[in-house]
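A.B. asks: Pasting in a structure now, in structure tokens, and then I'll have a few things to ask.
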Amino acid sequence: MDDAALDSAEARHADKMRKKQAARETIMATKTREKGLLIVHTGKGKGKTSAALGMVVRAIGHGMKVGVVQFVKGAMTTGEKAVFDTFPDNVEFKPMGEGFTWNTQDRSRDIATTRTAWDEVKRMIADPAYDMVLADELNIVLRYDYLPLDEVLEVLAAKPEMQHVIVTGRNAPDALIEAADLVTDMTMVKHPFRSGIKAQAGIEF
């Protein structure tokens, strides 16, 4: 490409970017509201909890107070707990599960454990001092009918106006998706587990 052609390409690119910038600024000028969001991460792909924990890290960076309650998880040590334990003023991190239901094989116990964890989530949501609350794998226990969906939706609807609540887990109920402000469906394209690679520290936990 000669110098004249290069200059022409650069000029076209600059003009295109100026138009994109102007269009973007017009759109952004209409976005004036702030509110606490109900966020749902669902789908069969990996990354639902990881993305939510990334938001927790971001919140810590802004000096926000965050409550994290993990349903199902809690039977193993995770890297995230080690990190969040170093920020006791910002994060209350509570892994309150006992493993997947096919491991516990005790429905009554699973329901009781779920109720205890849900009571913690409700306590955090009711407290406006929490800027963000993460209910990790809540969708899983809803799928198994360990909690009444109507009760969960009622609590979420009554959260403080500026509080963010994140719910993760596969198979999010349609009513929860409808109530949410932001929903991301993680789609699996490839997963190493299918190639015989086990869960590894720093990636899965």
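A.B. asks: Take Lys94 and decide whether it is of a type outside the set (Phe, Trp, Tyr), without any contact (Cβ under 8 Å) to a residue 40 or more places away in the chain, open to solvent by less than 100 Å² (accessible area, probe 1.4 Å) and not in a helix (DSSP H, G or I).
C.D. replies: Here the answer is yes, as Lys94 does meet what is asked.
A.B. asks: Of the residues that make up segment 1-22, is at least one under 21 Å from Glu120 (Cα atoms), assigned to a helix (DSSP H, G or I) and aliphatic (A, V, I, L, M)?
C.D. replies: No, segment 1-22 has no match at all.
A.B. asks: Determine whether Ala112 is modelled with pLDDT under 95 and either of a type in the set (D, E, K, R) or open to solvent by less than 60 Å² (accessible area, probe 1.4 Å) (or both).
C.D. replies: yes
A.B. asks: Next question. For segment 106-205, which strands (runs of 3 or more DSSP E) that fit wholly inside it have 3 or more residues that are within 17 Å of Phe71 (Cα to Cα)?
C.D. replies: Per the criteria, 132-136, 164-168.
To keep it simple, each residue is scored yes or no on (1) at pLDDT 95 or above; (2) at positive phi; (3) open to solvent by 100 Å² or more (accessible area, probe 1.4 Å).
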| residue | (1), (2), (3) |
| --- | --- |
| Asp2 | no, no, no |
| Asp15 | no, no, no |
| Gln21 | no, no, yes |
| Ala29 | no, no, no |
| Lys46 | no, no, no |
| Val68 | yes, no, no |
| Thr78 | no, no, no |
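A.B. asks: Does segment 44-78 hold any residues that are small (Gly, Ala, Ser) and farther than 22 Å from Met132 by Cα, and which are they?
C.D. replies: Those that are small (Gly, Ala, Ser) and farther than 22 Å from Met132 by Cα: Gly45, Ala75.
A.B. asks: Right, something else. Give the residues of segment 42-54 that are over 18 Å from Pro95 (Cα atoms) and not in a loop (DSSP other than H, G, I, E, B), sorted by residue number.
C.D. replies: Hit for segment 42-54 is Thr42, nothing else.
A.B. asks: Please go through segment 56-79 and pick out each residue that is assigned to a helix (DSSP H, G or I) and within 13 Å of Asp136 (Cα to Cα).
C.D. replies: Correct list: Val56 only.
A.B. asks: I would also like to ask the following. What are the residues in segment 154-186 that are open to solvent by 40 Å² or more (accessible area, probe 1.4 Å) and either of a type in the set (A, V, I, L, M) or at pLDDT below 95 (or both), if any?
C.D. replies: Selection gives Ala157, Ala158, Met162, Ala175, Ile177, Ala179, Leu182, Val183.
A.B. asks: Regarding segment 131-148, can at least one residue be identified that is open to solvent by 30 Å² or more (accessible area, probe 1.4 Å), more than 27 Å from Met186 (Cα to Cα) and not aliphatic (A, V, I, L, M)?
C.D. replies: No: zero hits.
A.B. asks: Filter segment 31-44 down to the residues that are open to solvent by 80 Å² or more (accessible area, probe 1.4 Å) and among the basic types (Lys, Arg), then identify the one that is farthest from His164 (Cα to Cα).
C.D. replies: Out of the qualifying residues, it is Lys44.
A.B. asks: List the pairs whose first member sits in segment 50-64 and is surrounded by 14 or more Cβ atoms within 10 Å (Cβ to Cβ), whose second member is of a type outside the set (A, V, I, L, M), and whose Cβ atoms are under 6 Å apart, counting only residues at least 6 apart or on separate chains?
C.D. replies: Ala51/His41; Ala52/His41; Ala52/Thr168; Leu53/Glu80; Ile60/Phe87; Ile60/Asn90; Met64/Asp131
The values are calculated or read from the model by the stated rules, or taken from the named source; none is laboratory data. These numbers were taken from a predicted model, which means no experiment stands behind them. In this analysis, Cβ positions are derived from the backbone assuming ideal geometry, glycine residues included, and neighbour counts consider all displayed protein chains. Accessible surface areas use protein heavy atoms only, side chains included; no ligands, DNA or RNA. Shrake-Rupley method; radii C 1.70, N 1.55, O 1.52, S 1.80 Å.
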